[in-house]
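Note sheet for the following structure.
The values are calculated or read from the model by the stated rules, or taken from the named source; none is laboratory data. Since the structure is predicted, the reported quantities are computational estimates derived from the model, not experimental observations. Cβ placement follows ideal geometry from the backbone for every residue including glycine, while neighbour counts extend to all protein chains displayed.
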Amino acid sequence: MIGMVIIVLAIGIAIFGHFIAPDKTPDTNEQITEIATQKPGFSATLLKVHKNGMPRSQSWVQLLLSGWENNFRLIPISGYSMVGDTLLAERFTGFAAVSKTDTFNIADVVYALKEGTPITKQGNALSFTLYTGETKTETIEQLKTKIAGKQVVQQRYWLGTDNLGRDNVSRLILGVRVSLSVGLMAVLISLFIGVSLGAIAGYFRGVADDVVMWLINIFWSIPLLLLVFALVLALGREFWQIYLAVGLTMWIEVARLVRGQILSVREKEYVEAAKSLGFGNFRIIARHILPNIVGPVVVIAASDFASAIIIEAGLSFLGIGVQPPSPSWGTMLKDYYSYIGTQKAFLALAPGVAIMILVLAFNLMGNGLRDAMDVKTRV
């Protein structure tokens, strides 16, 4: 139950990751280099400067699937002041001895303006042209109030930032989606191939059994990681190709299990009754045999799910898995394992602990399902 609770929670985080993550950009890839590799709990003051031109569309469906492109430039500042229609922002550099001041027109901070159009001052008001072509006039005091209320924000980074200034919490959250999606697709591929070949070998026996067992023995003799590396390098490093490569290496155990289970039930009375009624072989397999061996298959699928997560993380750690900027836990480990033993060890420990918890959850669930479905162990 503990494993199942963790898995359900992980699935919820994966689905609604962009709603939960502080960084809602695609792949949580908002880079603020001035605040790179900050410690957990670091708090930054950010100035949101509106990008000129047409704002990108932002719908909840887009946020759910891929995140939002940011309509603002985020500039870390250590302080700011406004003189007339000018905003003076003292940029945060992380070094007290280094100081840099950026200058903005306050209207350009608050609104997305049309490129190449001037901002004119009319007494105590500013007149400017929006990206839509509409001319707008607001007082300087109104613009200053909007900047103080909406354009200057405090952002806390609970697990610090990486070497590109990205939020570690956001990347950990989206990393769940990568791990679960790779695990799910790899297990589905392995189940499709393994159940199909195992059922054919166990039910028909003879030549079919010899051919399938020959394939199993060949694949079984090749080291798993070596086979995965070869498939990834042959197929490529796109997301779907990682699914396929991992899935093609995990069908062997499924096929052996299904073959053994079918060999043990193919002579049962209900199978003989189905044959005597004239049912076709594939209908007997699909409608009568497979439903009766689903328990062991579910158990091995849970175990394979955990293995797929570890394999994906290992591939990303070695640089041949899911490619940046996708937030893979293995990639995060690769980037920061050298920090272990330093004050910035949290950069490597956070994704490592996340992998450990998720894999442990699937192993716990697999053990629980095995015990629940094994009638011999029931008291």
Yes or no: Thr93 modelled with pLDDT under 90 and not assigned by TED's automatic domain parsing to the domain that holds Ile173? yes
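Within the range 96-103, can one find any residue that is of a type in the set (Val, Ile, Thr), modelled with pLDDT under 90 and within 41 Å of the chain's Cα centre (by Cα)? Talk me through it step by step, then tell me what you get.
Residues of the range 96-103 that are of a type in the set (Val, Ile, Thr), as a first pass: 98, 101, 103.
From what's left, modelled with pLDDT under 90: 98, 101.
Add one more test, that the residue is within 41 Å of the chain's Cα centre (by Cα), and what stays is 98, 101.
There is at least one residue in the range 96-103 that is of a type in the set (Val, Ile, Thr), modelled with pLDDT under 90 and within 41 Å of the chain's Cα centre (by Cα).
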Output the residue which, of all residues in the range 47-62 that are in contact with a helix residue (DSSP H, G or I) (Cβ under 9 Å, 6 or more places away or on another chain) and within 21 Å of Thr103 (Cβ to Cβ), is surrounded by the fewest Cβ atoms within 10 Å (Cβ to Cβ). Asn52
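Mind checking whether some residue in the range 162-172 is part of a strand (DSSP E or B) and either under 35 Å from the mean Cα position of the chain (by Cα) or modelled with pLDDT of 90 or more (or both)? Show your work before the answer.
Keep residues of the range 162-172 that are part of a strand (DSSP E or B), which gives 167.
Then keep just the ones that are either under 35 Å from the mean Cα position of the chain (by Cα) or modelled with pLDDT of 90 or more (or both); that gives 167.
Yes, there is a match, as at least one residue in the range 162-172 is part of a strand (DSSP E or B) and either under 35 Å from the mean Cα position of the chain (by Cα) or modelled with pLDDT of 90 or more (or both).
Please determine whether any residue of the range 152-170 is in contact (Cβ under 8 Å) with a residue 40 or more places away in the chain, of a type in the set (Gly, Ala, Ser) and touching a strand residue (DSSP E or B) at 6+ places or on another chain (Cβ under 8 Å). Working first, answer last.
Of the residues in the range 152-170, the ones in contact (Cβ under 8 Å) with a residue 40 or more places away in the chain are 152-170.
Now restrict to residues that are of a type in the set (Gly, Ala, Ser): 160, 165, 170.
Adding the requirement that they be touching a strand residue (DSSP E or B) at 6+ places or on another chain (Cβ under 8 Å) leaves 160.
Yes.
Would you please name the residue that is farthest from Gly247 (Cα to Cα), looking only at residues in the range 202-218 that are touching a residue at least 60 places away in the same chain (Cβ under 8 Å) and touching a Leu at 6+ places or on another chain (Cβ under 9 Å)?
First, pick out the residues of the range 202-218 that are touching a residue at least 60 places away in the same chain (Cβ under 8 Å): 202-204.
When the remaining residues are screened for being touching a Leu at 6+ places or on another chain (Cβ under 9 Å), the result is 202-203.
Numbers: Gly202: 22, Tyr203: 24 Å.
Checking each candidate, the answer is Tyr203.
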Take the residues in the range 220-237 that are without any contact (Cβ under 8 Å) to a residue 60 or more places away in the chain and outside any helix (DSSP H, G or I); name whichever of them is farthest from Gly321 (Cα to Cα). Ile222
Return the pairs, sorted by first residue and then second, in which the second residue is in a loop (DSSP other than H, G, I, E, B), the first residue lies in the range 1-29 and is of a type in the set (Gly, Ala, Ser), the beta carbons are less than 9 Å apart, and the residues are 6+ apart or on different chains. Gly17/Gly67; Ala21/Gly67
Filter pass, Thr132 being under 22 Å from Lys51 (Cβ atoms) and in a loop (DSSP other than H, G, I, E, B): yes
